[in-house]
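> For reference, the structure I am asking about is given below.
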There are 4 protein chains.
Amino acid sequence: MFNTFGNIFRLTTFGESHGAGIGGVIDGFPAGIRLDMDFIQSELDRRKPGQSKITTDRKEADQVEFLSGVFEGMSTGCPIGFLVRNTNQHSSDYDNLRHLYRPSHADYTYTQKYGLRDHRGGGRSSARETIARCVGGALAKLALRELGISIQAYTSQVGHIALENDYHQYELSLTETNAVRCPDATKATAMEALIAEVKAQGDTIGGIITCVIQGCPIGLGQPAFDKLHAALGGAMLSINAVKGFEYGEGFAGVTARGSEQNDIFYNHNGRIDTRTNHSGGIQGGISNGQDIYFRVAFKPVATLLMEQPTVDLQGNDTLVKARGRHDPCVLPRAVPIVEAMAAMTILDHYLLNKTTRLVD
Amino acid sequence: MFNTFGNIFRLTTFGESHGAGIGGVIDGFPAGIRLDMDFIQSELDRRKPGQSKITTDRKEADQVEFLSGVFEGMSTGCPIGFLVRNTNQHSSDYDNLRHLYRPSHADYTYTQKYGLRDHRGGGRSSARETIARCVGGALAKLALRELGISIQAYTSQVGHIALENDYHQYELSLTETNAVRCPDATKATAMEALIAEVKAQGDTIGGIITCVIQGCPIGLGQPAFDKLHAALGGAMLSINAVKGFEYGEGFAGVTARGSEQNDIFYNHNGRIDTRTNHSGGIQGGISNGQDIYFRVAFKPVATLLMEQPTVDLQGNDTLVKARGRHDPCVLPRAVPIVEAMAAMTILDHYLLNKTTRLVD
Amino acid sequence: MFNTFGNIFRLTTFGESHGAGIGGVIDGFPAGIRLDMDFIQSELDRRKPGQSKITTDRKEADQVEFLSGVFEGMSTGCPIGFLVRNTNQHSSDYDNLRHLYRPSHADYTYTQKYGLRDHRGGGRSSARETIARCVGGALAKLALRELGISIQAYTSQVGHIALENDYHQYELSLTETNAVRCPDATKATAMEALIAEVKAQGDTIGGIITCVIQGCPIGLGQPAFDKLHAALGGAMLSINAVKGFEYGEGFAGVTARGSEQNDIFYNHNGRIDTRTNHSGGIQGGISNGQDIYFRVAFKPVATLLMEQPTVDLQGNDTLVKARGRHDPCVLPRAVPIVEAMAAMTILDHYLLNKTTRLVD
Amino acid sequence: MFNTFGNIFRLTTFGESHGAGIGGVIDGFPAGIRLDMDFIQSELDRRKPGQSKITTDRKEADQVEFLSGVFEGMSTGCPIGFLVRNTNQHSSDYDNLRHLYRPSHADYTYTQKYGLRDHRGGGRSSARETIARCVGGALAKLALRELGISIQAYTSQVGHIALENDYHQYELSLTETNAVRCPDATKATAMEALIAEVKAQGDTIGGIITCVIQGCPIGLGQPAFDKLHAALGGAMLSINAVKGFEYGEGFAGVTARGSEQNDIFYNHNGRIDTRTNHSGGIQGGISNGQDIYFRVAFKPVATLLMEQPTVDLQGNDTLVKARGRHDPCVLPRAVPIVEAMAAMTILDHYLLNKTTRLVD
């Protein structure tokens, strides 16, 4: 509820784009996990602006400071507070936005809900909030790594340029080899060209991120409201600019017959296995040990470097044009955010599942 | 968490397909709402089996008994317990399923997670659990009605047969005039024919339900993890057989430019309005007063009236064929369930939003 | 929150004194626990009215029906719904209370909060709600029994008649051998005589219940807000008529010096032990493996069989005299309720503690 | 759960005594409250060490930095992150404690629960954690002030020196005029002398704090598990060194008859009032508009400046003597902490109560 995510593993975030910084508290993180600080910072670096020509030019250090819950490099089981100071904010870029509502931003709804808003850089609605998610996700990944669970996301579509094959057909470790984070080098080049073109026009473009979770044990998820895919879907839909979520065969699967979609069990050298994985690794809301895969749709971001009509706070028609430095396409930087939300969801359900039996 | 849905308005459900019944507790429901018992039962009747030729032949009365929280026809603010007794269970239809795992059902994952399962009719994983959601949804609708908020879902696709237009182009009140719950009579006839054909083959088929929420006040939803569409998406993904959720322009919108998708504010006769509603009524996670609309993808149900390979509990290859009475397509009966989950989500966020200001 | 107790083990209750019945949902109960139905009913019998001369004369069967979550005598891990039908309600005994506020009851505060109330038998504020707690507590005890944890409460004071010694000096198994549930037979006789005297006057009397938890493993409880004794205290204070809670040396210990109260660690035949247990088995909010003991103060119940001044709904002065059958002293019947709340608290924290480490 | 307090108003805390600092996130705080920073700092100053001869000599600035959720001096409705840096830690004072367990501290239980602990200054179990509670409490007080609700605690007993009268007999505004925070100047002098004597011996002493809440509206609290006094009691018992809680007549009231304790309603110049307030302002778990008053028992703190036997991590008998600067009696500094927990509880329930009715 409010700014807390998770049931057992719980991330509470705070911070605005142009305030003192972005931070949070990670609670319920297991004791005795070694925290690899280089890895954690590297996850933040994957998200940070200015990392390539197709992201915003803003330079932000995004250095995380841990404030508690870590002793001699190990998690203590106590809450882990952390803070990433804002260091390169150009608040004056936003002076012109104080008195108007940008189209398709949160300006209008925040003002109506709260009666006031911090207009600088979007305030609390800024995607800078996802820094805290990446810190939480990095810790979750460190715990999942000890369990043999891995999570890999990649850009599978930008505008009309889409990968034609499913994740099995790609070497996912190539994802980080290009700026757009796509494991298909040819498509990646085309995607980058499209983003550059859109950027030159002062416009923006959307796309799709695919995510694969491997090594997930059987039994995660709850039968009714907190089905594992419902938890994953809710987590993904909470990321800025996300408009859709599907797992397994998703929307495309609605046209198939049950006899085509059912995953047939068989005896695979003495082990129960399925011949296909249309289900996406989850049955009845509970992980079945197969790969979990899903897709997340991102709209083109609303901040344009071109003039648009809008209204001011009094409802008078006016024009707005963003100043400052903005992403023409959020996909490349959203890949680690999708992974972070997935990692936190899986760890949370792993811990929750430990309560299913009285004695292990 | 577990079997509870919601933050302030909270529905906790219990019950298995072949146990004593399905029931729940509605907590946090506002005091002083008149409960229209005929309306509540009519919502259950929309969900119940046996209502037409294209649903299962099972006959179940699904009569709800309220056990508490209602005094002289009014909600008291105290928890509302309710129970729908199971009355027409043919448990012996499932005897053959006790020792094997049905493909793409929860049989395998439940057994692995809990160490045992009630195999009769799917036990807790049965869609009969959604009876309790329809009761909760009916109460939520009664409260929303007092606020002028309406919710209407309809079948917009079955297999390849899809409505071509968006919800504005249909008279949504026609939804209940045919068995498939589609507001386009011609398409409805084609959908029904397709379902009948699939049923004759012992097979099943999926589809898409569209839902529209009108009259929602500005300000519902939370900025970070509990964005209104994340709450709606998580709620929809918790319904059996759902594989995807999208709102506003959804997946299709990823190919557009920001300049095409932004909803431009303008002065509409002295009132702030937008020229389009690509956003789907939610900006920055918070309702903006426009219509909220979204789409939910349902896979073809896994229970087939044809023989399929599978394994028994020991992992030996075997065959399975369902006996009993099953739906070839869940869409018609899922329409009220989608509405119920939407209604509970909106009421929960309406109540939560009342805490935003110290004094109204 | 609202009518749900617990974090992992969660009891949600519903029901009014003169409605259809009292029931609830137990969620998060571990799978695979054999449910001893005779034991569960016997716990309800310890609470039910009419069991002796010093309790109310009302006869209520208080038979529990389980509605879900149990399969072939075992818990399935799914929610356990249950219902105890009301069978012997004399609602007309309360007709005279509809239009007035009884002194020191919830009549006035409920009406102000909710705008209406079910006046019959106290409605939701009736202590009949504790039936559901006893069901939840009985299940929790069955789980704790498998862990070797036992819970025993007893009446240690009625009015001015108090046990002089602490729990070590008594044979606690004698608690159930007298109607007042006191392990000291002589004191028990005096307490019963006092209650009989008070009853003859139409008056009521309070007292203290002591509770001892033995066999609790080390490590239960959370460091900050959910210290184990804070959870126990909050649980006890939620029982009707409770006015105070203390654990370990409690209020009496405030006059001692630290050098007198500290529990000194020593090597006890190769095991770390303490020479005393002034702390009451909890240090820093976390169980230390010693006995946990605490005391709960109950006020004299507010329902008197004598005439008292009061006001009606319009604020006019009037008189009230209860009709019907009421307890002159709640202590004897509250003993199992104290145990039930303790059992649920300990089981909840036992399950929660399973999430402290990634791998056991 | 874990390190979060509250339902709507939610404080999540982090930090250890000798780590980077103590901080937290306040979520669910209403938008549009002016934050009086001088008042907030003054509340921290009431808690900080070194403020008088009878507290520890440690000097800590305890300056709070707000990191988010405040814009131009007003709360925005977004989460309020804050941090109080540790500045004067003498970690080497604790080197000798790394390998042993101090009597009646959390050293042993933490190590058993988590497998490791930060031994410096008690780590997470240090009462420095209450800094974050005082920040949360200060904000809650600012909101309550707008509602006309005031909260005043005072030291009513130190060792055997106790105030004889109830709170009506004192001028509570005198509480802050002496170091022990007792409104009776004569008793205060005696208490200070006792604390000085105990300190000279290297020993410690306990006591009782009384708290009064005035101006609380009718209707706060929930009927079953979250009765207002259960919430208050759980909150108080979560403060370090607290061993007991009682409200209204408390433990002393168990010897009275119902006819003596009932609070008789009467028509008080056209308004419904009660002739007494034995109930302590709460009936049926819900505030009735009268003063709420309660008492909190604190044990003598466990850290002694004298030698005590104990064991090391391997269970070998050894001796321990604290170095450093410690409080001989926590009561004076605990007064603002009791108030803080009370303020947060009342604000939380005030906000929760706003959801009781659909429309105000």
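The values are calculated or read from the model by the stated rules, or taken from the named source; none is laboratory data. What you see is a predicted model; the values in this text were computed from it and never measured. Positions of Cβ are generated from backbone atoms using ideal geometry, with glycine treated the same way; all protein chains shown enter the neighbour counts. The accessibility values were calculated without ligands, DNA or RNA, using every heavy atom of the protein model including side chains. Shrake-Rupley method; radii C 1.70, N 1.55, O 1.52, S 1.80 Å.
> When Cβ neighbours within 10 Å are restricted to other protein chains, what is their mean count per residue of peptide A:315-322?
Partner Cβ neighbours, averaged per residue: 2.
> Looking at chain C as a GNM with Cα springs under 10 Å, which of C:ASP291, C:ASP107, C:ASP263 has the largest mean-square fluctuation?
C:ASP263
> Please check: in the Gaussian network model of chain D (C-alpha springs, under 10 Å), which one of D:ILE264, D:ILE209, D:ILE161 has the largest mean-square fluctuation.
D:ILE264
> Sticking with this structure for a sec: Do any GluC sites (Glu not before Pro) in region A:46-124 lie in a DSSP loop with no more than 11 other beta carbon atoms within 10 Å, and if so, which?
Sites meeting the loop and neighbour criteria: A:GLU72.
> As I understand it, the dipole of chain B uses +1 on the Cβ of Lys and Arg and -1 on the Cβ of Asp and Glu, about the Cα centre. Which of B:ILE161, B:LEU139, B:VAL64 lies farthest toward its positive end?
Value computed over the given set: B:VAL64.
> Across the residues of A:82-89, average count of Cβ atoms on other protein chains within 10 Å?
Neighbouring Cβ atoms belonging to other protein chains average 1 per residue here.
> Running a GNM on chain A with Cα contacts under 10 Å, which residue among A:TYR108, A:TYR266, A:TYR350 ends up with the highest mean-square fluctuation?
In the Gaussian network model the winner is A:TYR266.
> Continuing with the same structure: If the label for D:HIS160 sits 7 angstrom from Cα along the Cα-to-Cβ line, what are its distances to the same label in every other copy, in nm to one decimal, shortest first?
Output for D:HIS160: 2.3, 9.3, 9.6 nm, nearest copy listed first.
> Where in region B:238-280 does the label zone of A:MET306 land, with the point 7 angstrom along Cα→C-beta and an amide N cut-off under 20 Å?
Within reach of a label on A:MET306: B:249, B:253-266, B:275-279.
> For B:ARG34, go 7 angstrom from Cα along the Cα-to-Cβ vector, then report the distances to that same point in the other copies in nm, smallest first.
So the label point of B:ARG34 gives 4.5, 5.5, 6.9 nm to the other copies.
> Nothing charged except the Cβ atoms of Lys and Arg (+1) and of Asp and Glu (-1): what's the magnitude of the dipole of the protein assembly as shown about its Cα centre? Round to the nearest 20 debye.
Approximately 0 debye in magnitude.
> Taking the mean number of other Cβ atoms within 10 Å as a proxy for protection, how do you rank D:46-55, D:324-333 from highest to lowest?
Packing proxy ranking, top to bottom: D:324-333, D:46-55.
> Something else about it: If you take every DSSP beta bridge whose two residues both sit in chain A, what share of them, in percent to the nearest 5, is antiparallel?
Expressed as a percentage, antiparallel bridges in chain A total about 100.
> So if I place +1 on the C-beta of Lys and Arg and -1 on the C-beta of Asp and Glu, and nothing else carries charge, what would the dipole magnitude of region A:85-128 be about its Cα centre? I want it in debye, nearest 20.
That gives region A:85-128 a dipole magnitude of about 180 debye.
> How much solvent-accessible surface does B:SER150 expose, in Å² to the nearest 10, with a 1.4 Å probe and all protein chains in place?
For B:SER150, the solvent-accessible surface is approximately 60 Å².
> Any idea which of A:GLY19, A:ASN269, A:GLY207 is furthest toward the positive side of the dipole for region A:4-353, if Lys and Arg beta-carbons carry +1 and Asp and Glu beta-carbons -1?
Result: A:GLY19.
> Next question, about the same structure. Modelling each spin label as a point 7 Å along the Cα-to-Cβ direction, I'd like the A:ASP38/D:ARG145 distance in nm, to one decimal.
5.1 nm
> Report in % the part of the accessible area of chain D that belongs to carbon and sulfur, leaving out ligands and nucleic acids; probe 1.4 Å.
Carbon with sulfur: 47 percent of the solvent-accessible area.
> With only Lys, Arg, Asp and Glu charged, each at its Cβ (+1 for the first two, -1 for the last two), find how big the charge dipole of region C:1-150 is about the Cα centre; round to the nearest 20 debye.
420 debye
> If we hang a label 7 Å off Cα along the beta carbon direction at B:ASN269, how far is it from the matching labels on the other copies, in nm, shortest first?
Nearest first, the other copies' label points are 5.3, 7.3, 9.0 nm away.
> Continuing with this model, one more query. Find out how many positive minus negative residues lie around D:GLY121, taking Lys and Arg as positive, Asp and Glu as negative, among other residues whose Cβ is under 9 Å from that of D:GLY121.
Around D:GLY121, the charge tally is -1.
> Shape call for region D:73-230 from the C-alpha gyration tensor, a ≥ b ≥ c root eigenvalues: rounded (a/c under 1.5), prolate (a/b greater than b/c) or oblate?
It comes out oblate by the Cα gyration axes.
> Now, a different point. Based solely on its DSSP helices, what 222 nm [θ] is calculated for the protein assembly as shown when runs of n ≥ 4 H residues each add -39,500 (n - 2.57) and the sum is averaged over all residues, nearest 500 deg cm²/dmol?
Roughly -8000 deg cm²/dmol at 222 nm, from the helical runs in the protein assembly as shown.
> Scan region C:105-166 for GluC sites (Glu not before Pro) in coil per DSSP, keeping those whose Cβ has at most 10 other Cβ atoms within 10 Å, and list them by number.
Those satisfying the criteria are C:GLU164.
> Now for a separate question. I'd like the interface area for chains C and D: accessible area of each alone minus the complex, both sides summed, 1.4 Å probe, protein heavy atoms only. What is it in Å² to the nearest 100?
8400 Å²
> Right, here's the next one. Please give the average number of partner chain Cβ atoms lying within 10 Å of the Cβ of each residue in B:124-132, rounded to a whole number.
Average neighbour count from other chains, rounded to a whole number: 3.
> Order these peptides, D:73-80, B:212-219, by their mean beta-carbon neighbour count within 10 angstrom, highest first.
Highest-to-lowest ranking by the protection proxy: D:73-80, B:212-219.
> To continue, here is another question. For the rotation bringing D onto C, which D residue has its Cβ nearest the axis, and at how many Å?
Taking Cβ atoms only, the nearest residue and its distance are D:GLY234, 2.
> In Å², what does the accessible area per residue of chain B work out to with a 1.4 Å probe?
Per residue, chain B has 30 Å² of solvent-accessible surface.
> Continuing with this model, one more query. If I take every Cα pair under 8 Å that is 6 or more residues apart in chain D, average their sequence separation and divide by the length, what percent do I get for the relative contact order?
22 percent
> Express the Stokes-Einstein translational diffusion coefficient of region A:4-353 in µm² s⁻¹, to the nearest whole number, given a Kirkwood radius over alpha-carbon pairs, 37 °C and a viscosity of 0.692 mPa s.
Value of D from the Cα-based Kirkwood radius: 154 µm²/s.
> For region A:171-214, state which GluC sites (Glu not before Pro) are in a DSSP loop and have at most 16 other beta carbons lying within 10 Å of their beta carbon.
Sites meeting the loop and neighbour criteria: A:GLU171.
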